[in-house]
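Here's the structure we're looking at; comments come further down.
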Amino acid sequence: MVAFYAAVITLAVSLLVVALALRGRRLPTQAAAAVAPRIYRTRAVCFVFIVAVAALSLAFAFSGAPHQARFAGERPDLIVDVTARMWAWTLTPVSGSAAGGGSTILPAGKPVEFDVISKDIIHDFGIYNSAGQLIAQMPAIPNHTSRLLYTFTKPGSYYVLCLTYCGLSHHLMNTAFEVR
Ligand SMILES: [Cu+2]
């Protein structure tokens, strides 16, 4: 519905611009010459304004890029190797204070770094809380380690799902861990 209204508005504005252009053409040459400097000035102001808005938007949008550099100063308390393959996740704490014993237990209130990589095709590492809300996400790319830094604020059970369709058993690609 939004697309329909956008199309109607675009068409209406386009017709208005064409109508104004045709009307402008009918101005006598002398009258046109009289208003030309004012129009050129307005055009220059609009151009500078649009360039300034675009430059500020880009500066704001890219201020956090690249993603990894944003966390360069933060020291993770724990690093977890996350390996994706068709169709399973393997979470292996490689440093820090994680407890083993069959299930993965991660600390609450401390930054955890997930080093995410895929052994075959592209998957997507999505962490959900016990309420089923997606709280963090990082693509799992073959031959490239993507770093996801996250601090769990609440203890409890968390679930991992694949967010990119990766074949017949994509829906089975899940695991869980505890935060204490
Ligand atoms: Cu997958």
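So the values come out like this:
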{"item": "GNM result for the chain, Cα springs below 10 Å: residue of ALA59, ALA108, ALA33 fluctuating most strongly", "result": "ALA33"}
{"item": "Nearest 10 degrees, 0 to 90: helix 2-25 Cα axis against the chain principal axis", "result": "30"}
{"item": "Solution diffusion estimate, µm²/s, Stokes-Einstein, the chain, Kirkwood Rh from C-alpha pairs, 37 °C, viscosity 0.692 mPa s", "result": "156"}
{"item": "Max mean-square fluctuation residue, GNM over the chain, Cα-Cα springs under 10 Å, options ARG23, ARG38, ARG85", "result": "ARG23"}
{"item": "For ILE105, ILE39, order by how many other beta-carbon atoms lie within 10 Å, fewest first", "result": "ILE39, ILE105"}
{"item": "Degrees between helix 29-61 axis and first principal axis of the chain (Cα, 0 to 90, nearest 10)", "result": "10"}
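Every number here is computed from the coordinates shown, using simple stated rules; none is lab data. No experiment lies behind these values; they were computed from the predicted model shown. A quick note on method: Cβ atoms are made from the backbone with ideal geometry, for glycine too, and the neighbour counts reach across all protein chains shown.
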